[in-house]
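The values are calculated or read from the model by the stated rules, or taken from the named source; none is laboratory data. Every value quoted in this text rests on a predicted model; they were computed, and no experiment measured them. Heads up, the Cβs are rebuilt from the backbone with ideal geometry, glycines too, and the neighbour counts pull from every protein chain shown. Accessible surface areas use protein heavy atoms only, side chains included; no ligands, DNA or RNA. Shrake-Rupley method; radii C 1.70, N 1.55, O 1.52, S 1.80 Å.
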Amino acid sequence: MRALTLAAAVAALALAGCGRLPHSAPAQVRARGELRVVTLNLPTCYYLGAQGTEGLEFELAQRFAQQLGVRLTIYPVANERTMQAELAAGRADIAAASLSDSADWSRAGVPAAPYANIPQLVVYLRSGTRPRETLQLESARLAVRAGSPQERILQKLKSTVAPTLNWVETAPSSADPVDDVESGGADYAITDAREFSFAHHLYPNVLVGFELAEERPVRWMVRRDAPQLLVEVNAFFRTLQSSGELAQLVVDSSGDNRRFEYEESREFQSHVGDRLPQYRNWFEQAAARTGIDWRLLAAIGYQESKWDPRATSGVGAAGVMMLTADTAQALGLKDRHDPEQSIFAGARYLAQVRAMIPSRIPEPDRTWLTIAAYNVGFGHLEDARILTQADGQDPDSWSQVRDHLPLLAQERWYTRVKRGYARGWEPVQFVDRIQRFLTLLEWQPGEPAPAPRVTAQRSAPPAAAPARPAAGALPGS
């Protein structure tokens with residue numbers, strides 16, 4: 001009888017302990033004042049942008065940490081296996097990297113409810129035959145990343161509707177399967193729609209054939225001893241979904257952006273007449289203080305906001321020059337929506353970036369390198385210049401650096417440079433648009449004729465892919 005009583009007491013204590021455990025994890029997080037999130041350095045997750053950290057998982061984790069009332073510590077690791085080890089060891093509270101549930105993850109943590117379902121795309125080469133249905137894949141050379149969620153989807157298709165389906169596995173450490181299609185090594189590839197929103201800038205000859213019927217649910221993983229934290233994570237995503245904020249964050253963090261079109265130049269001319277006169281004096285005063293052509297400042301301001309002081313972006317930038325809160329604070333800017341303050345602060349920031357570009361670099365290359373660094377960040381520009389030099393080309397030439405900037409979005413290259421992933425095509429497009437807006441401003445009726453200026457043209461592609469870059473900075477940079 002005494003033994004039964006003792007056993008009951010032990011069981012009661014165990015149950016009481018289990019009852020306290022669900023409340024311990026959020027309390028521990030709040031007590032330490034820090035939420036620890038492990039992620040991957042990928043365009044869909046986390047990367048260093050021109051004015052700070054960007055990526056959908058970073059934005060989500062930042063909002064969740066704010067809801068908990070703690071600071072966020074988010075750090076990237078090499079791969080999912082390392083993420084699983086961090087979570088299993090309790091060094092991270094959450095793993096966040098557009099994850100899909102799997103047996104490997106079940107041993108490391110507990111899956112939260114899916115916060116999005118990502119379409120799975122079948123892509124093909126523009127010059128090839130467009131696929132329109134799953135059965136067409138059975139007789140084709142199909143590329144997929146080994147061990148990926150996409151491969152698990154193909155395995156399911158093979159066991160249900162396409163028994164003769166086969167594919168070539170692209171090793172996890174090599175190029176994206178989309179690259180196999182671009183190079184002719186495969187007829188088709190399976191890729192996430194979000195990933196392709198970035199990849200299509202790198203592979204313009206690869207198009208979407210159709211979407212597979214099955215979408216991929218993505219979610220966070222929570223450490224196993226934190227069930228109450230899991231409850232709070234799920235409640236957080238339900239609130240984001242019901243408010244519509246989650247859908248907007250997903251759109252804002254995609255790799256799609258608008259191209260410069262003829263109609264946009266017509267809109268620009270309209271704004272030259274009805275908006276620019278309100279701000280021109282401030283652009284000219286800022287130019288006098290910084291030594292930067294007012295028309296270049298105005299071109300940047302138009303590209304950033306269309307000279308709209310109320311403009312905001314999905315990553316928190318605001319005002320005529322679209323500065324983030326952190327950049328504005330560093331520049332002493334109190335009100336980002338005040339056009340005068342924004343213009344003067346943006347000019348100071350551009351001057352600071354320009355001062356970091358080696359003075360030996362002649363014009364106009366120094367200006368275009370400055371504008372690229374303003375957009376993507378000086379560190380990422382330096383990474384691109386290192387790749388350019390390693391390829392035997394001139395790191396001081398904008399036309400040659402611009403050919404290497406997009407490599408910063410390819411895993412085989414951004415894993416070899418100091419700052420990691422960047423949307424390398426964006427500074428190229430940014431500079432192209434600034435050049436166009438600047439030319440339109442220079443040739444406005446009544447304006448003095450501009451001095452002769454060489455506009456950078458796209459150089460011929462390198463004869464071979466860049467070699468592995470040597471470590472260290474460029475000489476004189």
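Which residue, of 403, 394, is out of contact with any strand residue (DSSP E or B) (no Cβ under 7 Å at 6 or more places or on another chain) and part of a loop (DSSP other than H, G, I, E, B)?
Numbers: 403 fails: part of a loop (DSSP other than H, G, I, E, B).
Result of the check over 403, 394: 394.
Given the options 113, 65, name the one that is of a type outside the set (Phe, Trp, Tyr), modelled with pLDDT of 95 or more and part of a helix (DSSP H, G or I).
65
Which condition number does residue 190 fail, the rest of (1) in contact with a Lys or Arg (Cβ under 8 Å, 6 or more places away or on another chain); (2) part of a strand (DSSP E or B) being met?
(1)
Just to be sure I understand, how many residues within the stretch 24-46 are open to solvent by 10 Å² or more (accessible area, probe 1.4 Å), among the aliphatic types (A, V, I, L, M) and modelled with pLDDT under 80?
0
Please go through (1) open to solvent by 20 Å² or more (accessible area, probe 1.4 Å); (2) in contact (Cβ under 8 Å) with a residue 12 or more places away in the chain; (3) under 23 Å from residue 307 (Cβ atoms) for residue 378 and return the number of the only condition it doesn't satisfy.
(3)
Output the residue which, of all residues in the stretch 231-247 that are of a type in the set (S, T, N, Q) and over 23 Å from the mean Cα position of the chain (by Cα), is least open to solvent (accessible area, probe 1.4 Å).
Among those that are of a type in the set (S, T, N, Q) and over 23 Å from the mean Cα position of the chain (by Cα), it is 234.
Every residue, every condition in (1) aliphatic (A, V, I, L, M); (2) open to solvent by 10 Å² or more (accessible area, probe 1.4 Å), yes or no:
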| residue | (1), (2) |
| --- | --- |
| 368 | no, no |
| 403 | no, yes |
| 417 | yes, yes |
| 433 | no, yes |
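If you scan the stretch 152-172, which residues turn out to be free of Cβ contacts under 8 Å to residues at least 60 places away in the same chain, in a loop (DSSP other than H, G, I, E, B) and either open to solvent by 40 Å² or more (accessible area, probe 1.4 Å) or within 23 Å of residue 56 (Cβ to Cβ) (or both)?
Filtering the stretch 152-172 down to residues free of Cβ contacts under 8 Å to residues at least 60 places away in the same chain leaves 152, 154-171.
Narrowing the set further to residues that are in a loop (DSSP other than H, G, I, E, B) leaves 161-167, 171.
Listed by number, the residues that qualify are 161, 163, 164, 166, 167, 171.
I'm told residue 133 meets every condition in (1) at pLDDT 90 or above; (2) touching a Pro at 6+ places or on another chain (Cβ under 6 Å); (3) open to solvent by 30 Å² or more (accessible area, probe 1.4 Å) except one. Can you identify the failing condition by its number?
Here residue 133 clears every test but (2).
Each row is one residue, and each column tells you yes or no for (1) under 25 Å from residue 412 (Cβ atoms); (2) crowded, with 20+ Cβ neighbours inside 10 Å.
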residue: 178; (1), (2): yes, yes
residue: 192; (1), (2): yes, yes
residue: 215; (1), (2): no, no
residue: 225; (1), (2): no, no
residue: 229; (1), (2): no, yes
residue: 249; (1), (2): no, no
residue: 253; (1), (2): yes, yes
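Considering the stretch 194-213 alone, what residues qualify as being assigned to a loop (DSSP other than H, G, I, E, B), open to solvent by 70 Å² or more (accessible area, probe 1.4 Å) and either of a type in the set (Phe, Trp, Tyr) or closer than 30 Å to residue 234 by Cβ (or both)?
213
Before we move on, is residue 85 assigned to a strand (DSSP E or B), modelled with pLDDT of 95 or more and under 30 Å from residue 61 (Cα atoms)?
Here the answer is no, as residue 85 does not meet what is asked.
For residues that are modelled with pLDDT of 95 or more and aliphatic (A, V, I, L, M), scanning just the stretch 90-104, find the one that is surrounded by the most Cβ atoms within 10 Å (Cβ to Cβ).
96
Contact list please: Cβ distance under 9 Å, first residue in the stretch 130-143 and assigned to a loop (DSSP other than H, G, I, E, B), second residue at pLDDT below 95 and hydroxyl-bearing (Ser, Thr, Tyr), pairs at least six apart or on different chains.
Every condition considered, the pairs that remain are 140/129.
Which members of the stretch 68-89 meet the condition of being under 19 Å from residue 411 (Cα atoms) and surrounded by fewer than 18 Cβ atoms within 10 Å (Cβ to Cβ)?
75, 78, 79, 81, 82
Can you name the residue in the stretch 184-243 that is of a type in the set (Ser, Thr, Tyr) and in contact with a strand residue (DSSP E or B) (Cβ under 7 Å, 6 or more places away or on another chain) and is also farthest from residue 60 (Cα to Cα) among such residues?
The selected residue is 188.
Quick one: in the stretch 301-318, of everything that is without any contact (Cβ under 8 Å) to a residue 24 or more places away in the chain and assigned to a loop (DSSP other than H, G, I, E, B), which residue is most open to solvent (accessible area, probe 1.4 Å)?
Residue satisfying both the conditions and the ranking: 316.
Every residue in the stretch 47-67 that is in contact with a helix residue (DSSP H, G or I) (Cβ under 6 Å, 6 or more places away or on another chain) and open to solvent by less than 40 Å² (accessible area, probe 1.4 Å), please.
Answer for the stretch 47-67, where residues must be in contact with a helix residue (DSSP H, G or I) (Cβ under 6 Å, 6 or more places away or on another chain) and open to solvent by less than 40 Å² (accessible area, probe 1.4 Å): 50, 52, 59, 64.
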